[in-house]
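Notes for the one structure printed next.
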């Protein structure tokens, strides 16, 4: 950016155009250019972050199994689930046995 400004000034000055007069001390010019650079950097970062969309969604599942081993069910994870937890409000539909959480895992599903 500084290079472009100086090049433009030199081209006009070399052609004899003396209408442009830079009467800014070097420190003021330096700080103005730094502020412009920081603003451009912040804007470009904002646009880059806004364009990012998740490519996949992660869904966590819980596997519930009967203690007898003849029944297994998959459901979405609920807060408080942990492996080995006894499900007190339900029984096995096959033999009325106790249900426990056997596994917890996550699947990645692509977002359209």
- Item | Tally, over segment 39-65, of residues that are free of Cβ contacts under 8 Å to residues at least 12 places away in the same chain and exposed (fewer than 11 other Cβ atoms within 10 Å of the Cβ) | 13
- Picking from 12, 22, 29, the residue that is surrounded by 12 or more Cβ atoms within 10 Å (Cβ to Cβ) and modelled with pLDDT under 80 would be 12
- For segment 66-112, please list each of the strands (runs of 3 or more DSSP E) lying entirely inside it that holds at least 2 residues being closer than 25 Å to residue 54 by Cα and touching a residue at least 12 places away in the same chain (Cβ under 8 Å). 72-76, 98-110
- Is it fair to say residue 68 is under 30 Å from residue 95 (Cβ atoms) and either out of contact with any strand residue (DSSP E or B) (no Cβ under 6 Å at 6 or more places or on another chain) or modelled with pLDDT of 85 or more (or both)? yes
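The values are calculated or read from the model by the stated rules, or taken from the named source; none is laboratory data. Here the structure is a predicted model, which is why all the values come from computation and not from measurement. Here the Cβ is made from the backbone with ideal geometry for all residues, glycine too, and neighbour counts use every protein chain on show.
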